[in-house]
């Protein structure tokens, strides 16, 4: 039965074909349309070619090594591969042998950047990858970063002015001036203008007037310089003499003569070493001074300042107290008082002084004593 059906179907197709051929002679358009329809059906039934896989388009690779200037491998350097155009980046770190590899890359143009801590960044020249290419980059050599130190050179007088300004804030118990103690061992020398400025700033400080008033009262109580008498008039004379004696001594020994002999009128706190070493330093500073160039020299300024101040005092002390004995007595008292004051500066003042900017002489120093 099935064979009979197949024979009939083939017979029908043959008849149809003969009929179409007969019609072709009179109707070319219909034959062409039928032919196109059959070709279309044949094309639609043909399988489509498969698209290339993504992995086939990412088949290139880049390898290289990062070295230092000595040629040694740089382990742990960061290497970044940038694709030019779309700015896509891939990063990796070099291995113990300094090598790095990027794989699965599409074709295109690339650039390599290598960096490491304390080394200068290096960027390679641009290069192009093609499909399936195994690109070997040239060795990347990193150089150590060169550090530049900026040194600001300031004039000596500018440094001295800043240090002097800090010294003018130093006060014992927050009240009594301690301007002439330098807690900075290698402080810049003062110029003439600064020596006079500091002398006037110290000698006319309000605390000075309080000290003179107390001193005059003590002289009144002990009837020192009895030629002045007692009462308000005697106290006033003692106050004036004591004030004038202190001011002339300060100006002469801390400004005039230090400028002439190029000496620094300040006491330089040592703060380190044995007690005996510090004691010698303190007492000795009544007789020696630091020159503006940093060397020790006899303290002409204090000695001559006290002598001249004593000589001037003959103009206002009672006649019974005048003469050479007054001059040398005042000078001796001045030197002794200065030695005692320096001992206090060395062992006591720092703990009681506000706004101390330094700690004296370094424990190990090759500087001046």
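See the values below:
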item: Qualifying residue in the stretch 218-231 (condition: in contact (Cβ under 8 Å) with a residue 40 or more places away in the chain, closer than 30 Å to residue 272 by Cα and either outside the structural domain of residue 322 (by TED's automatic domain parsing) or assigned to a helix (DSSP H, G or I) (or both)); result: no
item: So residue 282, is it in a helix (DSSP H, G or I), assigned by TED's automatic domain parsing to the domain that holds residue 317 and within 25 Å of residue 347 (Cβ to Cβ); result: yes
item: Number of positions in the stretch 348-364 that are within 12 Å of residue 272 (Cα to Cα) and either touching a helix residue (DSSP H, G or I) at 6+ places or on another chain (Cβ under 7 Å) or free of Cβ contacts under 8 Å to residues at least 12 places away in the same chain (or both); result: 1
item: Test for residue 277: is it assigned to a helix (DSSP H, G or I) and more than 24 Å from residue 202 (Cα to Cα); result: yes
item: Residue that is nearest to residue 248 (Cα to Cα) [pool: residues in the stretch 290-306 that are out of contact with any helix residue (DSSP H, G or I) (no Cβ under 6 Å at 6 or more places or on another chain) and either surrounded by 15 or more Cβ atoms within 10 Å (Cβ to Cβ) or not assigned by TED's automatic domain parsing to the domain that holds residue 330 (or both)]; result: 303
item: Flag for residue 254 being under 22 Å from residue 342 (Cβ atoms), assigned by TED's automatic domain parsing to the domain that holds residue 187 and buried (at least 20 other Cβ atoms within 10 Å of the Cβ); result: yes
item: One residue from 181, 192 being surrounded by fewer than 17 Cβ atoms within 10 Å (Cβ to Cβ) and either in contact (Cβ under 8 Å) with a residue 40 or more places away in the chain or within 16 Å of residue 255 (Cα to Cα) (or both); result: 192
item: Residues that are within 22 Å of residue 133 (Cβ to Cβ) and either crowded, with 19+ Cβ neighbours inside 10 Å or at pLDDT below 90 (or both), drawn from the stretch 92-113; result: 94, 100, 102, 105, 110, 112
item: Candidate set: the stretch 62-91, residues that are exposed (fewer than 14 other Cβ atoms within 10 Å of the Cβ) and closer than 21 Å to residue 129 by Cα; chosen: the one modelled with the lowest pLDDT; result: 87
item: Selection from the stretch 75-121 of residues that are under 36 Å from the mean Cα position of the chain (by Cα) and not in a strand (DSSP E or B); result: 75, 76, 77, 94, 95, 96, 98, 116, 117, 118, 120, 121
item: Which listed residue, of 306, 342, is touching a strand residue (DSSP E or B) at 6+ places or on another chain (Cβ under 6 Å), farther than 17 Å from residue 187 by Cα, assigned to a helix (DSSP H, G or I) and touching a residue at least 24 places away in the same chain (Cβ under 8 Å); result: 342
item: Test: residue in the stretch 311-326 that is touching a residue at least 60 places away in the same chain (Cβ under 8 Å) and under 46 Å from the mean Cα position of the chain (by Cα); result: no
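The values are calculated or read from the model by the stated rules, or taken from the named source; none is laboratory data. Here the structure is a predicted model, which is why all the values come from computation and not from measurement. Positions of Cβ are backbone-derived with ideal geometry, glycine not excepted, and every protein chain shown enters the neighbour counts.
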